[in-house]
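The values are calculated or read from the model by the stated rules, or taken from the named source; none is laboratory data. Just so it is clear, the structure is predicted and the values come from calculations on it, not from any experiment. Every residue, glycine among them, receives a Cβ derived from its backbone with ideal geometry; neighbour counts consider all protein chains shown. In case anyone asks, the SASA skips ligands and DNA or RNA and just uses the protein heavy atoms, side chains included. Shrake-Rupley method; radii C 1.70, N 1.55, O 1.52, S 1.80 Å.
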Amino acid sequence: MAMDGYRGFLGLLVSALLVGFLSVLFTLIWVLHYREGLGWDGTALEFNWHPVLVVTGFVFIQGIAIIVYRLPWTWKCSKLLMKSIHAGLHAVAAILAIISLVAVFDFHNAKNIPNMYSLHSWVGLTVVILYILQLLLGVSIFLLPWAPLSLRALVMPIHVYSGLLIFGTVIATVLMGVTEKLFFALNSSGYSTSPPEGVFTNTLGLLIVVFGALIFWIVTRPQWQRPKEPNSIFLQPNGGAQEGVEGSAINFSNVDKSDSELNNEAAARKRNFIVDEAGQRSTM
């Protein structure tokens, strides 16, 4: 099935992948060149894993997971497969985020540095907890088959909104963390002189913002939404089809039949509609 505005979508997708890759690359250059490298020994080298894992998993991989339903090359794949890929990418991002927190707490405890005193740490820990809850809720309701369709339809708008809210909060938290680290590493007077590390890391922050903006734009364009399955129509309580469902899903070929016959057939079709993916019209 052809996508409306395919060239625009492809251009934005390539731009998002490029900017996201540059964000990860800039983070590696920052810790390897300016912050002395990586390690796992309780020193600052262990702390350096924190920005690397957060930008790689919590920003880049999470962004890809958000837009995976929008890729037109996957529209012929089964919805179950795409749900599994979506959940798997989010699971990888969650694991990397947890490891990044372990690195921070381990470093602070080894150096007797207080934990959880800054706004960055408060928001960061909160968003990790919410992200894990979002992942568990999504897997339980949308991936596993036990959840009733009414529950899926009820939870879906919350799932979509909270997912985008978490992604935006992650980007804001990363920017706070980058600034906080530069203030500690360069101190306020050194940072104000715009040293090379400060300029380079500020550029990293801009790349992360651009990546987030591209992901938000891609995921909020209705014309780039995964098409509804041909045999999957969700009926609203008033008996009408869900908004956006193609009218061609119903066969009106026998137009010469009587009104009563048409009404009987319409009722039969409604009873036999396969409702296997209620509320699954979002990118999440």
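In contact with a Lys or Arg (Cβ under 8 Å, 6 or more places away or on another chain), in a helix (DSSP H, G or I) and closer than 18 Å to Phe60 by Cα: is that true of Ile218 in this structure? Can you show your working first?
Values: in contact with a Lys or Arg (Cβ under 8 Å, 6 or more places away or on another chain): yes; in a helix (DSSP H, G or I): yes; closer than 18 Å to Phe60 by Cα: yes.
Criteria met by Ile218.
Tell me, which residue of the range 177-215 that is assigned to a helix (DSSP H, G or I) and polar (S, T, N, Q) is surrounded by the fewest Cβ atoms within 10 Å (Cβ to Cβ)? Show your work before the answer.
As a first pass, look at the range 177-215 and keep what is assigned to a helix (DSSP H, G or I): 177-192, 196-215.
Next, only the ones that are polar (S, T, N, Q) stay: 179, 187-189, 192, 201-203.
Values: Thr179: 16, Asn187: 10, Ser188: 9, Ser189: 7, Ser192: 10, Thr201: 24, Asn202: 16, Thr203: 14.
Checked the range 177-215; the qualifying residue surrounded by the fewest Cβ atoms within 10 Å (Cβ to Cβ) is Ser189.
Please enumerate the residues belonging to the range 1-24 that are of a type in the set (A, V, I, L, M) and at pLDDT 95 or above.
Those that are of a type in the set (A, V, I, L, M) and at pLDDT 95 or above: Leu10, Leu12, Leu13, Val14, Ala16, Leu17, Leu18, Val19, Leu22, Val24.
So, Gly39, is that one exposed (fewer than 15 other Cβ atoms within 10 Å of the Cβ) and part of a loop (DSSP other than H, G, I, E, B) or not? Spell out how you get there, then give the answer.
Details: exposed (fewer than 15 other Cβ atoms within 10 Å of the Cβ): yes; part of a loop (DSSP other than H, G, I, E, B): yes.
When the stated conditions are applied, Gly39 passes them.
I'd like the residue in the range 65-101 that is within 20 Å of Ile132 (Cα to Cα) and open to solvent by 40 Å² or more (accessible area, probe 1.4 Å) and, out of all such residues, is nearest to the chain's Cα centre (by Cα).
Leu89
For every residue, the table says whether it meets (1) touching a helix residue (DSSP H, G or I) at 6+ places or on another chain (Cβ under 6 Å); (2) under 22 Å from Thr201 (Cβ atoms); (3) without any contact (Cβ under 8 Å) to a residue 12 or more places away in the chain; (4) open to solvent by 30 Å² or more (accessible area, probe 1.4 Å).
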| site | (1), (2), (3), (4) |
| --- | --- |
| Asp4 | yes, no, no, yes |
| Arg7 | no, no, yes, yes |
| Leu22 | yes, yes, no, yes |
| Leu25 | no, yes, yes, yes |
| Glu46 | yes, yes, no, no |
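Output the residue which, of all residues in the range 102-120 that are touching a helix residue (DSSP H, G or I) at 6+ places or on another chain (Cβ under 7 Å), in contact (Cβ under 8 Å) with a residue 40 or more places away in the chain and not charged (D, E, K, R), is least open to solvent (accessible area, probe 1.4 Å).
This residue is Ala103.
Quick check on my filter: what residues within the range 132-176 are outside any helix (DSSP H, G or I) and open to solvent by 20 Å² or more (accessible area, probe 1.4 Å)? Break it down stepwise before answering.
Filtering the range 132-176 for residues outside any helix (DSSP H, G or I) gives 144-148.
Listed by number, the residues that qualify are Leu144, Pro145, Trp146, Pro148.
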